[in-house]
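Trainee: Okay, handing you the structure first.
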Amino acid sequence: MKVEQIYTKCLSQGSYYIESNNEVAIIDPIREIDTYIEKAKKNKSKIKYIFETHIHADFISGHLNLAKKTNAKIIYGPKSETNFEKTIAKDYQEFKIGNVTIVAIHTPGHTIESTTYLLRDTNGTDHAIFTGDTLFLGDVGRPDLSQNSDMDNRDLASMLYDSLRNKIMILNDDVVVYPGHGQGTSCGKDLSSETIGRLGDQKKTNYALRENMSKDQFVNEVLDGLLDPPKYFPSNVSINKEGYVESEDVLNKNLNAFNPSEIEKLIKKDFTILDVRSADEFAKSHIPGSIFIGLDGRFAPWVGEILEDVSIKLLLIVPMDREKEAILRLSRVGFDNVHGYLEGGIQNWIESGREISSVENISALNFTKNDSNQTKNILDVRSKSEHSSESLEKSLNIPLPELSYSINKVNFTDRFYIHCKGGYRSMIAASLLLSKGVSNIVNITGGFDEIKRFQS
């Protein structure tokens, strides 16, 4: 028996490859499926089942294309509704993979169809659970993503309490927990940075699994402090339910190089310029009005959070030889409407004599030496929990996902200094403000981590 976690850092997402006696099951594949096919081919094995823990909201699954290319059966839990052929597992239904067994355990709460898959080894011993977004390490899945008007958040949270207590916590402490996400996802509040654990440890350390916790306590604590889900989530749910084109087709359609003149014409037709270079490169020079979200970060989820509408028409400013990567990573969250990229990158734009913009940066060192005691205008774009835990005195906290809706509530006539934790989110914020005509801003490079270091 072989179990492998395939972790996509950009999505903070874990998919799983399970193999026994040359038969394979894949759990929660991402849209780019070559990795799973190549692993099976290398081991001379056949992918038999594709198990989905639920209908995902935060990324596009690879279930349909993987099934098409391998003839594997797609398995969902009870109450799953989709527009394609699949098998709906009954509660506790068993599926054989070589010499091991996978048991579908219906665990509603995160969503109505959420299902945990229990892996039993060749001896019939409970070995591991693949919990999707039902149980994370340190947290549980948010129960506010239902599209069912008959249920509210408290209804689903109550279901989640019952699922955890009656179906998961009864398993042995040594059972391995393989969650759907790790730290960084928007599907929970406070996940661990670890992505593999033991159920016994979660019973001891996970706040939502406290032995003496009542259902009302659980519901209140799980719902407390939840931010609104990202606005691209419903679109991803629809895509995962209804279907999509293959990644290869997205790439073939979108891998188009445009010269500066063509880019300029497309900008006038309401195309959005998405600059995916580094924060430093964007700060030095960028096309006016463009939005920065760098590839070398949690790229795809932030694209979803900031741009929201998966149908938005995009043009890319991208580092050399990373065009394919950018297009494929955008497709992971349903942003397939990329029309192309600037040929020759920003240098070509500059050499053509066209206008460029820049972002004023200040190092954390210089800020702490010269400016920190002289300004009251500090914008902290970290999350509310980060800000409440530790922050600069009198700083204004507007979490990055809320910034676009709060610009008109802040008087930006005075000079504002922007920071996040490390500098990635603050540059996104700077680009958003600049695109809205707010120019009197300074980005603090290195963010709060560096500020703290120089203040100590």
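The values are calculated or read from the model by the stated rules, or taken from the named source; none is laboratory data. Note that this is a predicted model, so its numbers are computed, not measured. For neighbour counting, all protein chains shown are included, and Cβ atoms are generated from backbone atoms with ideal geometry for every residue, glycine included.
Trainee: Collect the residues in the stretch 77-103 that are of a type outside the set (A, V, I, L, M, F, W, C), modelled with pLDDT of 95 or more and farther than 16 Å from Ile239 by Cα, keeping them in residue-number order.
Mentor: Of everything in the stretch 77-103, those that are of a type outside the set (A, V, I, L, M, F, W, C), modelled with pLDDT of 95 or more and farther than 16 Å from Ile239 by Cα turn out to be Gly77, Pro78, Thr87, Lys90, Asp91, Tyr92, Gln93, Glu94, Lys96, Gly98, Asn99, Thr101.
Trainee: Further question on the same structure: So if I check each of Met159, Met169, which one is surrounded by fewer than 24 Cβ atoms within 10 Å (Cβ to Cβ) and in contact with a Gly (Cβ under 6 Å, 6 or more places away or on another chain)?
Mentor: Met159
Trainee: Now for a separate question. If I filter the stretch 285-309 down to residues being acidic (Asp, Glu) and in contact (Cβ under 8 Å) with a residue 24 or more places away in the chain, which single residue comes out as surrounded by the fewest Cβ atoms within 10 Å (Cβ to Cβ)?
Mentor: Asp309
Trainee: I need a count of the residues in the stretch 119-143 that are over 16 Å from His181 (Cβ atoms) and in a loop (DSSP other than H, G, I, E, B).
Mentor: Result for the stretch 119-143: 5.
Trainee: Can you tell me which residue within the stretch 403-417, out of those that are touching a residue at least 40 places away in the same chain (Cβ under 8 Å) and not in a loop (DSSP other than H, G, I, E, B), is nearest to Gly184 (Cα to Cα)?
Mentor: Ser404
Trainee: Tally up the residues in the stretch 384-402 that are part of a loop (DSSP other than H, G, I, E, B) and either of a type in the set (A, V, I, L, M) or surrounded by 11 or more Cβ atoms within 10 Å (Cβ to Cβ) (or both), please.
Mentor: Residues flagged as part of a loop (DSSP other than H, G, I, E, B) and either of a type in the set (A, V, I, L, M) or surrounded by 11 or more Cβ atoms within 10 Å (Cβ to Cβ) (or both) within the stretch 384-402 amount to 5.
Trainee: Now for a separate question. Step by step: first the residues of the stretch 260-289, then only those that are part of a loop (DSSP other than H, G, I, E, B) and among the aliphatic types (A, V, I, L, M), then the one that is farthest from the chain's Cα centre (by Cα). Which residue is that?
Mentor: Among those residues, the one meeting the criterion is Ile287.
Trainee: Follow-up question, since we're still on this one. Between a residue in the stretch 251-262 that is closer than 12 Å to Arg354 by Cβ and any residue that is β-branched (Val, Ile, Thr) and surrounded by fewer than 15 Cβ atoms within 10 Å (Cβ to Cβ), which pairs come within a Cβ distance under 7 Å, given they are 6 or more apart or on different chains?
Mentor: Going by the 7 Å Cβ cut-off, there are no qualifying pairs.
Trainee: Out of the residues in the stretch 130-164 that are at pLDDT below 95 and among the hydroxyl-bearing types (Ser, Thr, Tyr), which is nearest to Val222 (Cα to Cα)?
Mentor: Checked the stretch 130-164; the qualifying residue nearest to Val222 (Cα to Cα) is Ser146.
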